[in-house]
Every structure is written in C-alpha cells, then in structure tokens.
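Below: one structure, written as structure tokens.
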Amino acid sequence: MRNFIAGDWTDGCENRQLAVTDPSDGSLIANVPDSGAADAKAALDAAQTAFNSWRTMSARDRAGILKNWHDAIVAHREDLGRLISREQGKPLAEGRGEVLYAASYVEWFAEQATRANGEVIPSPFGNKRLLAVREPVGVVAVVTPWNFPAAMIARKIAPALAAGCTVVAKPAEDTPLTALALVKLAQEAGVPAGVINIVTASRERTPTVVDVWLGDERVRKISFTGSTPVGKHLARDSASTLKRLSLELGGNAPFIVFDDANIEAAVEGLMAAKFRNGGQTCVCPNRVYVHDVVHDTFVAKLAERVSALKVGPASDPTSQIGPMINERAVQKIERHVRDAVSQGARIVVGGERIRKPGAPQSAYFAPTVLVGTTHSMACSCEETFGPVVPVTRFHVESEVVAQANATPFGLAAYFYTESPARIWRVAEALECGIVGINEGVFSAEAAPFGGVKESGYGREGSVHGLDDYQHIKYLCQGGIQ
Ligand code: NAD
C-alpha cells in the first residue's frame, strides 16, 4: 500500500516501510510507507492548493460528493468490516457495525453541509446592515487512534469536507489500511485530488510527520483523538501558529449502580459498554461502583456473564472478545491487575493473559472481574483499555459522585437508578461530556461526542460538529439610506 497525496498513490520519500500485522497472530497483512517530513509537506502543499477550489464549490455539490462516499462505504460494508477486524482485531460483527457507524457520520455531515446557515443581525444603525457568514477554517490536520480505524477517520474528515476544508491525515500506525481503503472510495465517489491526503508512519516516525503540520501556518486546525499526553503535546506545539484544536482524549468512565437500580438492566448495560472492542474504547466504563446492598447480587450475575464470553480471533464468527491491539496494551492490563491484587483486590473471573499453544506472545487477555478495588489502585486512576471490570462498593450517593469526579478526566459516565429525582441530581453533578442514564450504548452521529477537563474539548457529530471547522465572518455594509 502507498500514501495518498494530491490524488496519487505515492511511495514514501525515504523508501522506508512499516509492517501492518494481524494482532491475533502477528502475521503480516501489508506494508505501508513509513513516511517522513517531505511526505508531510507534499501532502500539505496538495491540501492547500485544493482548498482554493474546494472551498468555493457550492455546499450542495460538496454534499452530493459526501453522499456518494457514504453510499460507497455502505456498499463495501463487508470488505471494510473484514479489513477493520483483520488489522484491529475486533470481532467481525463489530467490524461490520463500525462501517455503518462511520458511514452515518458521512451522511450526517453531507446533510449538515447544506444547513450551515449564517445570520442576519438586527442592525443598531439605520444606515448599516449586519451579517454573519460561516467560512471554512482552511487545511485541517487529522491524527487518529487505532481503536476505531474507520469511525475516527470518518468523524473528522466528513465534517471537514462538509465545511469546505481540505485534509492531511496520519492514521494510527497499527491500523492505517482502513484509512487508505476509505480514501480510495472517497476518490471514486468524486472527492477531487488534494482534498484528502493520507500519510502513514510508524510510531517512532510519527512526530517527524506531524511536527511539519504543527509548525506550518497553513494548517489552521488540528483534529485529534488519542491519549491525553499526546493531545497536550499537540496543543503546546501548535500554539506558535494559534491553530484551532479539537481534542478527544482519554477517559476514565465511572459506572454507578444504585440500590434502586434494575440490576438485570445494569449488568446488561455494563456488558455492552465495557466489552465492546475488548474494552478498548475511550468511553468504556473503567471504574464500577456498586451500592453495598446490591453488590453481591450484581457481582454474581456479572461474573456469570463475563465467564461465558468467548475469546478468539476476529476470523472466528463466534468470538466476542478479540486480541488486544499489541503487546504494550497487554502489558498495561497485566500491570493493572497485578497492582490491584497486590493492594487487596480479589479476582472473581479471569485475571491473566490467555496463552495459545504455539503462539509465543499471545495478545489475548481473559475477561476479568475484580472486587474490592479502591481509588488508590492503578485500575481506578488510569485507563486500563482492556476487558477488566474493577468493582468498588459504596454506601452514600454524595460520596460516590465525589469519587466519580475525583479524576482529571471527564469523557463519559454511566449510572443506573429507577429514581427520577436521583437521575437529575446525579446527571447534573457528574463532571463529564456524556452521561449514559440506564443505558450502556449512547454513540450516535446526531449526538455531540466529547469531553471536559483533561478529556479534551470540541464536539464531534450533532448540529455542533461543523462549528470547529468553520469560523464566523462578520460583514457590515454601510451607506444604506
Ligand atoms: P495515542 O495518543 O498514543 O495515539 C493516537 C495517535 O497519535 C496515533 O495516530 C499516534 O501515532 C499519534 N501520536 C503518537 N505520538 C505522537 C506525537 N508525538 N505527535 C503526534 N502524534 C502522535 O493513543 P492510542 O494508544 O492510539 O489510543 C488510545 C487512547 O486514545 C486512549 O487514551 C483513548 O481513551 C483515546 N481515545 C479517545 C477517544 C475519544 O473520542 N475521546 C476515542 C478513541 C480513543
């Protein structure tokens, strides 16, 4: 595979290769360019050139191209789903589901493109007329993580194109193939040369690529999803040219089960929220707080469900949990479980890596339930990003809300209760961007996705999703008698 720059498939300037492997067994899927600064600059030059014509195309025409892209993605659902599962490891049903989820953003922003209205402002002056119009900010640099190889690319590139911006993108090093497949479909759908440019790079060489974009005044915005430390780095290093930033960063979601909750529904919600993508999503519950009165019943039901989960490669249609993305990820999960146990937590189910015969370095981790976890443990303070449920007992609503908020992060939170008054109290008190109330699955293209505190800023999807890609220009016409 190659980079996609200025409408052409090009080898990296330095002729280095990055191997993309299947996380289930480490086998090679394909090589992509391990790009450098010259590739990043070529992509940026192309995006800047294309911006001049893309921005002046009518919103209706841009929307038409995005609709074609949406249709092409849906038509290739099976192939794309398989590709996502192969390079990322999620079960095939989830890979297919991600394709439709990604496509929903493309369709949504095709529709939003034609509704980016301005304003006619009631004039305080008899001889002047005041208007506000929306304009695309310019070239957008997109950097994405590996856990949703299609959805993250779509959720950023679709609004950028709808707004009239052009894009340079660096997909995650573990999963660049889906991004390249999507851009091929975009090209076939009629996206002109230079409007989307994709540059692939290894983790080591990613700064060589992205630093070019950070330092160049032609890039007017960065849209990033990934870890908080990298997000902070991008914010710092883009400050010299005052770029706009959308940062969707790490989470540490609490999941609270009150004594008046529907326990069956809470277990169901936790299973759906926690074990999607093997626990590797930024909105996965990371800390589960269960009221003392229902704790043992809840844990018993949860343990039964978790021990029944089937772990295996994405290629096996019966798999419910795939491999973790890489060895670094498995080692982090192992560290969290070890740390919790050393501080007094007890393993109810799972607790260790699953070694497969003949596979020296298995990336499979057994779905795990821990009880007796406390706030001082690594699994409560850091994102585990794996199939581990740490359960902590609580007694008092105000205390559990304080504990839920006692983190620098604020992306998602969940709680289960049947009390209408508590629903309002707790939903309003939680410091986060998204709240699941008696619900474990909330993502939708029509809803605003994003966090507060060190989970970042900006909202993706919804009627707000175009805002970050457009600035408002005020027009004042005088001399009107
Ligand atoms: P990561 O931050 O390590 O990598 C994300 C992207 O940043 C990758 O493309 C990577 O190559 C790039 N990157 C790494 N170092 C960089 C540097 N110095 N300069 C520029 N780019 C650099 O995160 P990850 O391990 O790929 O993903 C997991 C993290 O992403 C988790 O913390 C998770 O919570 C977060 N995440 C957040 C959301 C959200 O919507 N808020 C969604 C998915 C994942």
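The values are calculated or read from the model by the stated rules, or taken from the named source; none is laboratory data. Fair warning: this is a prediction, and the values are worked out from it, not measured in the lab. Cβ coordinates were reconstructed from backbone atoms using ideal geometry, including for glycine residues, and neighbour counts include every protein chain displayed. The accessibility values were calculated without ligands, DNA or RNA, using every heavy atom of the protein model including side chains. Shrake-Rupley method; radii C 1.70, N 1.55, O 1.52, S 1.80 Å.
From the phi angles alone, apply the Karplus equation (6.51, -1.76, 1.60; θ = phi - 60°) to the stretch 159-175 and give each ³J(HN,Hα) in whole Hz, x where the residue is Gly or Pro.
Calculated HN-Hα couplings, in order: x, 4, 5, 4, 6, x, 8, 10, 9, 10, 10, 10, x, 4, 5, 6, 9 Hz.
Using a 10 Å cut-off on Cβ atoms, rank the peptides 446-455, 8-17, 219-228 from the highest mean neighbour count down.
219-228, 446-455, 8-17
Could you order the peptides 379-387, 346-354 from most to least packed, using the average number of other C-beta atoms within 10 Å per residue?
Highest to lowest by the protection proxy: 379-387, 346-354.
If you restrict to DSSP beta bridges whose two residues both lie in the stretch 303-410, what percentage is antiparallel, to the nearest 5?
Here the antiparallel bridges make up roughly 50 percent for the stretch 303-410.
If a/c stays under 1.5 just call it rounded; otherwise compare a/b with b/c (prolate if a/b is bigger, oblate if not). Do that for the stretch 356-466, with a ≥ b ≥ c from the square roots of the Cα gyration tensor eigenvalues.
Oblate, since a/c reaches 1.5 and b/c is not below a/b.
Determine, for each peptide in 138-151, 76-89, the mean count of other beta carbons within 10 angstrom over its residues, then list the peptides with the highest first.
In descending order of packing, they fall as 138-151, 76-89.
Of all GluC sites (Glu not before Pro) in the stretch 154-216, which ones are in loop regions per DSSP and have a Cβ with at most 10 other Cβ atoms within 10 Å? Walk me through the intermediate numbers first.
Numbers: sites: E173, E188, E204; in loops: E173, E204.
Answer by residue number: E204.
List every residue whose amide H lies under 5 Å from the amide H of V452, counting only residues 5 or more places away in sequence or on a different chain, with H placed 1.01 Å from N in the peptide plane.
G410, L411, G433
Taking θ = phi - 60°, what integer Hz values does the Karplus form 6.51 cos²θ - 1.76 cosθ + 1.60 yield along the stretch 97-107, in sequence order, with x for Gly and Pro?
Each residue of the stretch 97-107 in turn: x, 5, 4, 5, 4, 4, 4, 5, 5, 5, 5 Hz.
Could you work out how much longer the chain between T21 and E188 gets when fully extended? Use 0.36 nm per residue separation minus the Cα distance between them, nm to one decimal.
The T21-E188 span can extend by a further 57.4 nm.
Calculate the length of the line joining the C-alpha centroid of the stretch 192-234 to that of the stretch 277-330, in whole Å.
Their Cα centres are 32 Å away from one another.
Residues with amide H under 5 Å of H471's amide H, sequence separation 5 or more or different chain, H placed in the peptide plane at 1.01 Å from N; which?
E135, V137
Hey, could you grab the Kirkwood Rh for the stretch 130-204? Inverse mean 1/r over distinct alpha carbon pairs, Å, one decimal.
Averaging 1/r across every pair of different Cα atoms and inverting gives 12.9 Å.
Which is farthest toward the positive dipole end of the stretch 78-173 among L131, W108, I153, measuring Cα position about the Cα centre, with Cβ charges +1 (Lys, Arg) and -1 (Asp, Glu)?
Selected residue: L131.
Return the carbon/sulfur percentage of the accessible area of the stretch 1-89, one whole number, probe 1.4 Å, all protein chains in place.
Using a 1.4 Å probe with all protein chains present, the stretch 1-89 comes out at 47 percent carbon and sulfur.
Dimensions of the chain along principal axes (Cα, Å, largest first)?
Per principal axis, max minus min of the Cα coordinates gives 75, 60, 41 Å.
Quick one: Cα centre-to-centre distance for the stretch 87-158 and the stretch 443-465, in angstrom?
Cα centroid of the stretch 87-158 versus Cα centroid of the stretch 443-465: 11 Å apart.
May I ask you to give the percent of accessible area on the stretch 393-445 that is carbon plus sulfur, with a probe radius of 1.4 Å?
Roughly 55 percent, rounded to a whole number.
Per-residue HN-Hα couplings for the stretch 422-431, Karplus 6.51 cos²θ - 1.76 cosθ + 1.60 at θ = phi - 60°, whole Hz, x for Gly and Pro?
Each residue's phi maps through the Karplus curve to give 5, 4, 5, 4, 6, 4, 6, 7, 6, 8 Hz.
Mind giving me the nanometre distance, one decimal, between the label points for T49 and K332, set 7 Å out from Cα along Cα→Cβ?
3.9 nm
I need the calculated FRET efficiency for the pair Q477 and A447, taking r as the beta carbon distance and R₀ as 56 Å, to the nearest 0.05.
0.90
Please give the per residue accessible area of the chain, computed with a probe of 1.4 Å over protein heavy atoms only, in Å².
39 Å²
Counting DSSP beta bridges with both partners in the chain, what percentage is antiparallel, nearest 5?
Here the antiparallel bridges make up roughly 45 percent for the chain.
Ignoring ligands, DNA and RNA, what percent of the accessible area of the stretch 143-204 is carbon or sulfur (1.4 Å)? If you can, show how the numbers build up before the last one.
Numbers: 550 of 1050 Å².
Here carbon and sulfur together make up 53 percent of the probe-accessible area.
Would you mind checking which residues have amide H under 5 Å from F394's amide H? H placed 1.01 Å from N; only 5 or more apart, or other chain.
V290, H291, D292
Averaging over every viewing direction, what projected area does the convex hull of the Cα atoms of the stretch 264-377 cover, in nm²?
That works out to 7.7 nm².
In whole Å, what are the extents of the stretch 391-447 along the principal axes defined by its C-alpha atoms, from largest to smallest?
The Cα atoms of the stretch 391-447 stretch 36, 28, 22 Å along their principal axes.
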